[in-house]
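Inspection log for the structure reproduced underneath, given as structure tokens.
The values are calculated or read from the model by the stated rules, or taken from the named source; none is laboratory data. What you see is a predicted model; the values in this text were computed from it and never measured. Every residue, glycine among them, receives a Cβ derived from its backbone with ideal geometry; neighbour counts consider all protein chains shown. Side chains are part of the model used for accessible areas, which takes the heavy atoms of the whole protein and leaves out ligands, DNA and RNA. Shrake-Rupley method; radii C 1.70, N 1.55, O 1.52, S 1.80 Å.
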Amino acid sequence: MGNQGYQTAPAGALPRRKGKFAKFVEQNIGFIYIIPWIIGFLVFKVYPFGSSLVYSFTDFNLFKGIKEVGVMNYVDIFTDKKITTALITTVKYAFMTVPLKLIAALFIAYILNFKIKCLNLFRTAYYIPSILGGSVAIAVLWKALFRDEGLINTMLGYIGIQGPSWLSDTSYAIWIICLLRIWQFGSAMVLFLAALKGVPVDLYEAATIDGAGKWRQFFTITIPLITPVIFYNLITQIVQAFQEFNGPYIITQGGPRNSTTLVAMLVYNYGFKLNEMGMASAIAWVMFIAVGILSVLAFISQKYWVYYSD
Amino acid sequence: MGMKEQKTVGTVLKYVVLIAVGIVMVYPLLWMIGATFKTNNEMFAGAGFIPANPTLDGWKDAMKNYGGDLNIWTSMINTYKYVIPKVIFTVLSATITAYGFGRFNFKGKGILFALMLSMLFLPQVVLNVPQYIMYNKFGWIDSPWYAPIVMPALFATESYFVFMLVQFMRNIPRDLDEAAAIDGCNSWQTLTKIIMPMLKPAMVSAALFQFMWSSNDFMGPLLYVTTQSRKPAALFVKLSMDADTGFAWNRVLAVSLISIAPSLIVFFCAQNQFIDGVTAGAVKG
């Protein structure tokens, strides 16, 4: 059947004479099904993506239009301390949340993979934060937990600790924002759990006979066999971490002293509060390139550590 | 210590860890539910979640508006005015696109599929500004039917769902399509009569995820909904927080809880579909 749509196979059942167009349609019927996607792709992705690059070299303002063209936005990005700080904070945020989230997810999945009673109950409990964590309601709850007289400090008070001002202290606030994301490790955990269940039991049995301990088995059998899922989780989590907006916007408004201003918030502030859409586009592009470099590095590194069985 | 004792200690330790982490995961939510029935004086006086003097004040206040023509119920209705169409459109358009990619060969398919997947790595933040400018030209900003939020769903713009459905579709034997073709079904009938019924669990998973994600969405409505009476629950919760934080926590938390109640109920009714859906994309295939 080669390159044709395989629907052409029972040709005898179809009307005998067909025009060129009908034949073309028949051979490319698959293409017709993806036409809606192609339209959406061009209109909602390619065009905005391209125009954003163009805007980034202008001082486009929704009300004033374009007055200046050049690389001034990019120069500003790397010289304005506020913007460089936000870029660095975002990278830090990604490097703090992604590994911790994945380690928590793998650790819990590993424990759940032993013959645990009430497995479904635990799995559900761990998964709920992933489902709701992105909502405004949970961000509000987070504020209630970590405010000065919040639940956490009340609990610390029981054991005689005077809790700090989590949300107004520059050294803690970013961690509270990170914690909200790490708390949502359930979706990555579910993936790890499914992958762990796929590791053949006889491999462990053979290793036990050879005298390999649990730790050794974990690092020489389990980890290599689930590297594809580790890779998938790593990539998706990196892309998501760079986009975090709700947490800092609602819980800390980027403060105290911009210590929780992440790139997505900066793009919002420039684009929609100050109406400097050219500048906002340039910041978004710098972030896109950062994410792009990280993803490419991850894809290149794949061949050194990701093990595909087929 | 003998082998047996060691094993028992290990088992106990595992349960201790699981329960401790479970408490960290669930207690904040339990506390939130209890807190909506507390007085504001009691709110942060102790760490327990059962109110000492239960009161409905928080809930009564949560029903009030903030001076505008928007309250929690109208904002909830607004939310589902775009969530429901978005869910339906996403599932249909993603299924059709997945059918095209998953079941046929045509010129350029490899490249197009790669482009489709690459959209998973394109951060939405990069698109926000230019999309806003474009929607503004279309006259879609603050549209009464939430066009900027609903319309893209008609065109399978979320690659995650297309990919997930392609992965599920791989498990449906191709013999079935061929048998249908021999019986005289055209490709569209094959899709609606053979593929879709078998793909139903995956379509339900996709619908559930889109339901959760678009109910939680905050950035979309923040940018595209400006008229007070059209604002959805996500914006109403933010409004309530800005107005009441510091003195009426029971009201703010009750509003928040109401806003996530439908998602919670849906999750509890369909948790297995969520787990199946989330594992389909990455583990199979």
| remark: The distance between the Cα centres of the range A:197-241 and the range A:105-162, in whole Å, is 26
| Inter-part distance where the range B:11-78 and the range B:263-277 are each reduced to a Cα centre, Å | 21
| query | Near A:Lys45, which aspartates and glutamates are there with a Cα under 18 Å away, not counting those fewer than 8 places off in the same chain? | reply | B:Glu158
| Whichever lysines have a C-alpha closer than 18 Å to that of A:Lys117, once near sequence neighbours (fewer than 8 apart) are set aside | A:Lys197, B:Lys7, B:Lys14
| field | Cα-Cα over 31 Å, subset of A:Lys23/B:Lys193; A:Lys273/B:Lys60; A:Lys67/B:Lys86 | value | A:Lys273/B:Lys60; A:Lys67/B:Lys86
| field | Relative contact order for chain B, counting Cα pairs under 8 Å that sit 6 or more residues apart, in percent | value | 30
| Shielding of B:24-30 by partner chains, average beta-carbon count, 10 Å | 6
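Can you classify the range A:82-164 as rounded, prolate or oblate using the Cα gyration tensor, where a ≥ b ≥ c are the square roots of its eigenvalues, rounded means a/c under 1.5, and otherwise it's prolate if a/b beats b/c and oblate if not?
oblate
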| request: May I ask you to list the lysines whose Cα is less than 21 Å away from that of A:Lys303, ignoring any residue fewer than eight positions away on the same chain? | output: B:Lys284
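Is the shape of the range B:72-283 rounded, prolate or oblate, going by the alpha carbon gyration tensor and its root eigenvalues a ≥ b ≥ c, with a/c under 1.5 for rounded and a/b larger than b/c for prolate?
prolate
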| field | Under Karplus coefficients 6.51, -1.76 and 1.60, residue-wise ³J(HN,Hα) of the range A:116-123 in Hz, glycine/proline x | value | 9, 6, 6, 3, 5, 4, 4, 4
| Between A:Thr58 and residues 5 or more places away or on another chain, which pairs have amide H atoms under 5 Å apart, with H built 1.01 Å from N, and which residues are they? | A:Gly70
| task | Give the residues of the range B:66-90 whose amide nitrogen is closer than 18 Å to a point set 7 Å from the Cα of B:Val204 in the direction of its Cβ. | result | B:87-88
| query | Rounded, prolate or oblate: which fits the range B:1-141 when a ≥ b ≥ c are the square roots of the eigenvalues of the alpha-carbon gyration tensor, with rounded for a/c under 1.5 and prolate only if a/b beats b/c? | reply | oblate
| field | Accessible surface of the range B:72-283 [probe 1.4 Å, protein heavy atoms]: carbon and sulfur percent | value | 65
| query | Counting only complete DSSP H runs, which helices of chain B cover 24 Å or more along their long axis at the Cα atoms and score a mean Kyte-Doolittle of -0.5 or above? | reply | B:3-35, B:72-103, B:196-216, B:249-269
| request: State the extension gain, in nm to one decimal, for the chain segment bounded by A:Asp76 and A:Lys64, taking 0.36 nm per residue of separation less the distance between their alpha-carbons. | output: 2.3 nm
| message | Need the C-alpha centroid separation for the range B:144-198 versus the range A:282-300, integer Å. | response | 32
